[in-house]
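The block underneath contains the structure these notes are about, expressed in C-alpha cells.
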Amino acid sequence: MARGEGRERDRGEARDSEFVDKLVHINRVAKVVKGGRRFGFAALVVVGDQRGRVGFGHGKAREVPEAIRKATDAAKRAMIRVPLKDGRTLHHDCSGRHGAGKVILRPAGQGTGIIAGGPMRAVFESLGVGDVVAKSLGTSNPYNMVRATFDALKQQQSPRLIAQRRGKSVTEIIQRREGKDAKVDAADAGA
C-alpha cells in the first residue's frame, strides 16, 4: 500500500488510475457457530470517472478490505454512461424507484452544488455532477437508494439522442424545450 493511500480509503474514496471509488456502506454480520461468532462484512461501493460514467457494486468477505475490493471490482464491471448537461448537471427531471425506495432528481443552476442525502451524494460525486437537487422518499436503506438513483439516471437523455431518434436537429429540440419554458414563465407572470 502506498503512502497516504490508507488515509484516502478511510475517508471513503481512493484514486485508482482514472476512477474514484466511494465507500457508501459497510454491514457487519455474525454467524453463530460452535466456537463463538464468525464475523463477515458486506460493502457497498460506488465507482465513477467524474466525467459521466458511474457504477455500483456489492462485495462480501470475512475481512473489510477484501469486501471493499470485491465491491469495487463489481462496480467497475457494471458501469453506465450518463449524459450530462455542460458536464455539471442533468438534462431533465427524472425519478426512479427500487423496492420501497423512490428518488426524484432535478437539474440545478450553476453554483447550487449537490443537494442530496448520503448514498445519492456519493453517486453524484463519482459521476461528476456538480449541481443537482435530489430527494429520497420511502426507505433510507442505502442499497435501495443507490439502485433507485441508478434507475433514474438510466432515464437521462441528451437533446442530441432525442434529435437523432426523432430525425430532427438538436437546435429544434432545444428551441422547443426553451419555448415551452418561456410559455410557462409567461403564464406564471400573467397569473
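Readers should treat all values here as calculations from the given coordinates under stated rules, not as data from a laboratory. Bear in mind the structure is a predicted one, so any value in this text is a computation, not a measurement. No Cβ is skipped: glycine too gets one built from the backbone with ideal geometry, and neighbour counts run over all protein chains shown.
If ALA74 meets every condition in (1) more than 12 Å from VAL146 (Cβ to Cβ); (2) over 16 Å from the mean Cα position of the chain (by Cα); (3) among the small types (Gly, Ala, Ser) apart from one, which number is that one?
Tallying (1) more than 12 Å from VAL146 (Cβ to Cβ); (2) over 16 Å from the mean Cα position of the chain (by Cα); (3) among the small types (Gly, Ala, Ser), ALA74 fails exactly one: (2).
Only one of (1) without any contact (Cβ under 8 Å) to a residue 60 or more places away in the chain; (2) at positive phi is not met by ARG38, so which one is it?
It fails just one condition, (2).
Answer yes or no: is there a residue in the range 109-119 that is of a type outside the set (A, V, I, L, M, F, W, C), farther than 19 Å from ARG53 by Cα and buried (at least 16 other Cβ atoms within 10 Å of the Cβ).
No; the residues of the range 109-119 include none that is of a type outside the set (A, V, I, L, M, F, W, C), farther than 19 Å from ARG53 by Cα and buried (at least 16 other Cβ atoms within 10 Å of the Cβ).
Taking strands (runs of 3 or more DSSP E) that do not extend beyond the range 30-148, which have at least 2 residues that are under 24 Å from ILE162 (Cβ atoms)?
Filter on the range 30-148 gives 53-61, 94-98, 101-107, 132-138.
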